[in-house]
Every structure is written in structure tokens, then in C-alpha cells.
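The values are calculated or read from the model by the stated rules, or taken from the named source; none is laboratory data. Values in this document were obtained by computation on a predicted structure and should not be read as measured data. Positions of Cβ are generated from backbone atoms using ideal geometry, with glycine treated the same way; all protein chains shown enter the neighbour counts. The accessibility values were calculated without ligands, DNA or RNA, using every heavy atom of the protein model including side chains. Shrake-Rupley method; radii C 1.70, N 1.55, O 1.52, S 1.80 Å.
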Amino acid sequence: MNEDFRDLLVTSAVMLSLTATASAQTGLLQTEEATTAPRGTLVLEVGGEAIRDEPNFLTGRARDRWAGPVLRLLHSPADNVEIDLEWTARVGQRRDPDFGSVSDWGDVGLRAKVRFLEEGPGRPAIAARFAVLLPETSFGNGLGPNALRMSAQGLVTKTVGALTLHGNAGLALHDEVFRPHEQRDFLAYGVAAVLALGSGASLVGEWAGLAGHGMPGADAHSEVRAGFRVGRGRVAADGAVRRGLLAADGRWGLSLGATFRMSH
């Protein structure tokens, strides 16, 4: 068996073992939809990700990186508002030439989305989302920058027949790792398409990332994903293949997840 293929299977198995207890996570897309859930909705998302040959920002040398389980709790206090709390319980790496196979606690994300316009005939849904990522992951092994990151984005969603299109654009601010009191400003972007196939199944595709002049630990990113979603009602599952496009991104990876609608 090809060594690269075998190593990808091992990394994927680690990720799958982390997500098996709750089936996985629905956040396979980084692009956020502009629509919001009805008031009183409570949703739990659980999942994990893995990617091959992602450069360690401390050394520039490639390693395999995984994250999971990723736990995300979403609540809709009003029909046009969603808030969510996300915690990546564990972040790890394999085959790092300098640090070996290590792991640590992951970061905590806080997000709020407000929908300003509901989708209707001839018009898209329009919303805004604000997010902050609070650092928890260790800096010393290059698992995470241990720096504050925040963003504000405009969101657009439009459905045309069986096809739903999402678009995001806004500002992302990332504290630099090696220079105190300095930050990197990025254009945060994302475009995604979801094609409904019927019987609760759909195909998804996405291109998303951060555009701008980055620094190690506060890098520009670009990634495409293609995958599927299955399920309806209270439980749904998804999976996607990932492909990094820039120097700071990995090569090929996977994302797996599931959604559990707990109320409404």
C-alpha cells in the first residue's frame, strides 16, 4: 500500500474515533448561510477534521494535523438571531519532524448572527455575523498561535430551484504571533453551493479563506471542499474532502460531522 495513502487512512481513523460517540459535525462548510432558525431552536453539532502536510508555522515543516471532537451549540433566541458557542476539544498533529505526535486543548469560538432581510421572490436573505476566537491551544509545538482572532462578515443566501447559493465577505483581524501589539488584516470570504437531490440528501461545494498579506501564525488561507449531506428532521450527517490551495494550508484532508436538533 502507498505510504502516503496509508498515512492518510491512519489520520482519518484517528479523526473518526474522536467523532464516533456522537456521529460527527455539520460544519463541513466554512461559509455561513444568511438564513436563521426559528425562535427556540437548539442544535448540537459534533465533528472532526484532518488534513495532510500542513506546514507547522514555527518551523515551516509539514505534519498531519487533526481536530476533534469539535462541539458547537447553537441557539436561536429570536427568529432572526442565532448565537453559538464552539469548542474544539482536542487539536493534534502526527509525523511532525521536530515535535512528533502531540495534542492539546483547542480554541473556543463565540459567534452571533443577525438576519436583516428574509429571502423572498426576487431577493436573497441578507445577514451579518460577528465572531471571536479565544486562544486555548499551546503555542510551543505549533499546534495553534495562542492569539486572539475576530471577524465581521456580511452574508447572502439565495435559492434557485434545487440549488442554494451562499456568499460571505468581511474583515478578519488576527493578532500576530511573533510581534506583540501587531495584527494582520484579511478579507474573509466564502462562496458555497448546496444542490438538493431529494430524500434528505444534497451535494455541497465551497471555496473559502482569508485573503491578504499574512505572517507565520497569522497566515492567509484558501481551501476548497466538496462533499455531501444526508438526513432530515432531528439528525443529519455530512462529510467532505478538503484541498488546501496556499502555502500555509495542507494538501488533502477530510471533514466529517453530524447535527442533532434538540428542540423545535
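Take the conditions of a type in the set (Asp, Glu), closer than 30 Å to Arg63 by Cβ and surrounded by fewer than 19 Cβ atoms within 10 Å (Cβ to Cβ) and apply them to Glu118. Does it pass? Taking the combined requirement at face value, the residue does not satisfy it. For region 123-133, does any single residue satisfy the condition of being open to solvent by 60 Å² or more (accessible area, probe 1.4 Å) and either at pLDDT below 95 or of a type in the set (Asp, Glu) (or both)? No, because not a single residue in region 123-133 is open to solvent by 60 Å² or more (accessible area, probe 1.4 Å) and either at pLDDT below 95 or of a type in the set (Asp, Glu) (or both). The residues listed here are Ala240, Ala208, Ala236; of these, the one that is surrounded by 18 or more Cβ atoms within 10 Å (Cβ to Cβ), modelled with pLDDT under 95 and not aromatic (Phe, Trp, Tyr) is Ala236. For residues that are closer than 23 Å to Arg115 by Cβ, more than 18 Å from the chain's Cα centre (by Cα) and not hydroxyl-bearing (Ser, Thr, Tyr), scanning just region 25-74, find the one that is surrounded by the most Cβ atoms within 10 Å (Cβ to Cβ). Looking at the filtered set, the residue picked out is Ala37. Consider Ala218 carefully, then state whether it is farther than 26 Å from Gly257 by Cβ, in contact (Cβ under 8 Å) with a residue 60 or more places away in the chain and among the aliphatic types (A, V, I, L, M). Judged against the criteria, Ala218 is a match. Applying the set (1) within 30 Å of Ala62 (Cβ to Cβ); (2) not in a strand (DSSP E or B) to His181 leaves exactly one unmet item: (1). Residue pairs whose Cβ atoms lie under 6 Å apart, separated by 6 or more positions or on different chains, with the first residue in region 139-157 and within 30 Å of Arg95 (Cα to Cα) and the second among the aromatic types (Phe, Trp, Tyr), are Asn141/Phe99; Gly142/Phe57; Asn146/Phe139. Against the conditions (1) open to solvent by 20 Å² or more (accessible area, probe 1.4 Å); (2) of a type in the set (D, E, K, R); (3) in contact (Cβ under 8 Å) with a residue 40 or more places away in the chain, Asp185 satisfies every one except (3). Annotation note: Cβ proximity below 8 Å between a residue of region 241-258 that is without any contact (Cβ under 8 Å) to a residue 40 or more places away in the chain and a residue that is surrounded by fewer than 20 Cβ atoms within 10 Å (Cβ to Cβ) and of a type in the set (Phe, Trp, Tyr) (sequence gap 6+ or interchain) occurs for Val241/Trp252; Arg243/Trp252.
Inside region 164-202, residues that are closer than 21 Å to Ala237 by Cβ and among the aliphatic types (A, V, I, L, M) make up a count of 7.
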